[in-house]
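What follows draws every value from the coordinates through simple rules; no lab data is involved. Because the structure is a prediction, the values reported are computed rather than measured. FYI the Cβ positions are ideal-geometry reconstructions off the backbone, even for glycines, and counts take in every protein chain you see.
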Amino acid sequence: PPVSGLPAWAQETAAQRLDALPAVAAMVKELPASLTVQTVHGDLASPNLLLHGQRVAALIDFRPPAPRSPAWELGRIALDPRTVLAEPDWPTGLAEAIAAYRAANPALPADELLALPRIAAGYLACSEYPLSEAADDPAAVTPELEAYGHNRQAAMAELCERLPEAEEVLHDLLH
């Protein structure tokens, strides 16, 4: 028997996401026609960072970097579900993060930076993790993984709901 409520919740959530795919497709249709591609880490998240004080001392992971959009990786970093759910003013924090990124990396086009909230919301809407874990290995489901799944779903809903606000804050910053 399942060790948690995640399997049933994951199945229900996956069905809801399938029903929402036309809305997600319409949302990502507004992305730039093409996105810059370069080699990026692909899983830049706090568990993969070793800190020394306030500075990143090392970046770790077991998978090699791959060609992807830096806007995708930036969206995953700046709009991490923990940030979106813990910070009511996350659109302002997003603008601050993008301003700092742009100061150090001015080559990424403004329209790609403006698309970050849309990219992050689309990624969360289409990602099967951790919903798939409940089906692939129910015994491996931990309370932390279950909480993470619920948080990702809640963050996706928050991103979609506040997408116009986030894009307006970025538009003001970038134009």
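At a glance:
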{"item": "Helix-derived mean residue ellipticity, 222 nm - over the chain, DSSP H n ≥ 4, -39500 (n - 2.57), to 500", "result": "-18500 deg cm²/dmol"}
{"item": "Amide H within-cut-off set for residue 40, under 5 Å, with H built and near neighbours excluded", "result": "66, 68"}
{"item": "Geometric extent, Cα atoms of the range 106-151 - Rg, Dmax (angstrom)", "result": "15.4, 46"}
{"item": "Calculated Rg and Dmax of the Cα atoms in Å (choose from [x] 17.5, 53; [y] 16.8, 55; [z] 16.1, 50), label", "result": "[y]"}
{"item": "Listed peptides 55-65, 71-81, 120-130 by packing density, highest first (mean Cβ within 10 Å)", "result": "71-81, 120-130, 55-65"}
{"item": "Gained length - residue 59 relative to residue 103, 0.36 nm times residue gap less alpha-carbon distance", "result": "13.7 nm"}
{"item": "Cα→Cβ-extended label distance, 7 Å offset, between residue 126 and residue 45, nm", "result": "1.8 nm"}
{"item": "Rounded to 10°, Cα long-axis angle of helix 90-104 versus longest principal axis of the chain", "result": "50 degrees"}
{"item": "Gain on full stretching of the segment that runs from residue 18 to residue 168 - 0.36 nm per residue minus C-alpha separation", "result": "51.2 nm"}
{"item": "Karplus 3J(HN,Hα) series, Hz, for the range 122-127 with 6.51 cos²θ - 1.76 cosθ + 1.60 (x for Gly, Pro)", "result": "x, 4, 5, 5, 9, 6"}
{"item": "Separation between Cα centres of the range 82-123 and the range 1-80, rounded to whole Å", "result": "14 Å"}
{"item": "Alpha carbon convex hull of the range 1-49, volume per residue in cubic angstrom", "result": "144 Å³"}
